[in-house]
Amino acid sequence: MTNLSPKTDAPAPPTSPRVPVSFRQAVLEQLTACKDEPQGLSLQALMSKMPEVPKRSAQRWLAVMVDAGWLGISGRARATRYHLRDDLRQPGLYPVPARQALNETASAMLVMREPEASLAEIPLSTRARDTLKLVSQPLSQRQKVTYNPKLLEEYEPNVTAYLPADLCERLLAQGRVYADAKPAGTYARELANRLLIDLAWNSSRLEGNTYSLLETDRLLSMDVVADNQSALDTQMILNHKIAIEFMLENAAQIGFTRFTILNLHAMLSDNLLADPSACGALRKKPVFIGQSSFTPANTPQQIQEWFDLFLAKAGAIDNPFEQALFTLVHLPYLQPFEDVNKRTARLAANIGLFEHNLCPLSFVDMPQVRYVQAMLGIYELGRIDLLRDLFVWAYLRSCARYNNYLQVVSAPDPLRMKYRSLIQATVAHVVTTPLSKTQAIAHIRNQAQTHVEPDDQARFIEVVETQLMSLHEGNMARYGVKPAQFAAWLRGWI
């Protein structure tokens with residue numbers, strides 16, 4: 001194995017857990033191969049190879065890499081260029097090929113939690129695969145388009161069907177909890193603690209948030225801000241908590257009304273927009289979608305008319321699964337707000353599910369890259385097939401997440417089987433030592449960095465954290481934990 005430890009005056013590798021491995025690899029590989037550009041590459045040039053990455057996320061991650069000493073920077077504003085530090089070009093410090101080197105140093109730079117499933121695990125229809133191929137082309141080859149209101153106007157509630165009837169029946173069979181009628185929101189409130197963490201974490205993760213699952217649990221349950229996390233990421237998760245609690249407390253009253261959607265947006269965007277008055281208000285200024293050929297509608301009067309039409313049609317849809325998918329398609333496509341449109345859509349997609357006491361959609365394991373590609377399919381092509389396939393898969397995963405309540409047996413997790421002994425040993429060490437949550441986070445990351453293959457590290461961390469959060473007196477014995485040890489660990493589990 002190549003030794004990449006810093007030499008003499010070379011900067012140490014970054015320890016901030018903020019930059020996704022895939023993004024860091026892509027950036028360093030591009031700059032390593034950039035022999036014809038001694039001044040480095042612009043943000044636009046770097047992102048041309050990564051069209052799925054949101055612009056603001058890329059800017060934040062590049063800043064972390066600069067602060068950590070891996071990148072140099074020159075110029076300002078649009079003239080900003082990124083380049084490899086000269087001392088990192090020395091033989092032995094940054095050998096080529098970059099991907100091999102970075103895989104070996106990934107333990108020093110472990111970052112954002114990637115979802116459990118590989119992209120290949122998500123079944124896609126032929127048309128969805130065609131959509132995926134089209135949106136994966138370089139941005140320069142994708143035709144420029146604007147918002148097409150016909151996609152909304154031609155949709156007829158309970159006539160048009162994004163989801164075939166047999167597929168809705170399959171989702172209902174997995175998502176139905178009670179045989180008899182219960183007050184709206186009963187099931188969601190029974191799941192409240194678990195759902196709050198899952199939905200807040202997964203929805204935030206899809207925006208590039210780098211909190212871990214256990215760090216999210218500490219933030220939401222004890223108001224403890226994780227070390228080395230940005231104020232933006234912390235605020236994003238806290239906003240999700242407020243919005244989800246609003247939905248849980250008012251499940252019987254909320255619906256697809258202006259009050260509900262505008263206030264959901266206000267809660268989710270609080271302290272995140274430059275103009276505070278934009279929180280919960282339809283936009284009156286143009287917006288642009290980074291790394292997309294799509295330009296949203298920019299006439300305020302039209303935005304308001306189409307927003308009202310969206311509300312009317314969404315509220316008229318009888319089937320809660322169709323209603324959820326309709327929301328995930330049309331709210332982000334219209335972009336009625338200056339920002340935080342997708343987050344608002346992800347929570348609003350649960351309105352009908354809460355009302356009918358169905359398993360909620362928590363976006364568990366949803367790959368960020370595939371979600372972005374599905375949205376590009378809507379923005380640029382007006383195609384919902386890729387998002388539909390992803391929605392169905394994600395909903396079934398959410399059902400499996402809550403199988404204790406649904407009495408459904410889920411398929412064995414291949415990663416848990418692969419690292420069974422290591423997972424057991426890691427959980428046992430945390431409990432029997434015992435470690436606090438802060439200590440546990442550090443230990444779990446160290447175990448992943450030391451013993452787990454780079455591509456599996458992020459998922460390994462999520463699995464161990466989930467096992468610890470699910471530990472109770474009825475399942476502790478499988479980790480070799482005794483009652484007295486479990487009780488002692490619980491006392492210090494803060």
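The values are calculated or read from the model by the stated rules, or taken from the named source; none is laboratory data. What you see is a predicted model; the values in this text were computed from it and never measured. FYI the Cβ positions are ideal-geometry reconstructions off the backbone, even for glycines, and counts take in every protein chain you see.
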Any residue at all in the range 258-276 that is assigned to a loop (DSSP other than H, G, I, E, B) and crowded, with 20+ Cβ neighbours inside 10 Å?
no
Boolean, residue 230 is surrounded by fewer than 21 Cβ atoms within 10 Å (Cβ to Cβ) and among the polar types (S, T, N, Q)
yes
If you take the residues in the range 121-155 that are touching a residue at least 60 places away in the same chain (Cβ under 8 Å) and β-branched (Val, Ile, Thr), which one is surrounded by the fewest Cβ atoms within 10 Å (Cβ to Cβ)?
146
If residue 414 satisfies all but one of (1) in contact with a helix residue (DSSP H, G or I) (Cβ under 9 Å, 6 or more places away or on another chain); (2) free of Cβ contacts under 8 Å to residues at least 40 places away in the same chain, what's the number of the condition it fails?
(1)
Can you tell me which of 123, 115 is at pLDDT below 75 and closer than 30 Å to residue 382 by Cα?
115
I'd like the full set of residues that are of a type in the set (Lys, Arg) and assigned to a helix (DSSP H, G or I), limited to the range 48-67.
55, 56, 60
Look at the range 200-223 and say how many of its residues are hydroxyl-bearing (Ser, Thr, Tyr) and not in a helix (DSSP H, G or I).
3
Would you say residue 269 is under 12 Å from residue 338 (Cβ atoms) and within 22 Å of the chain's Cα centre (by Cα)?
yes
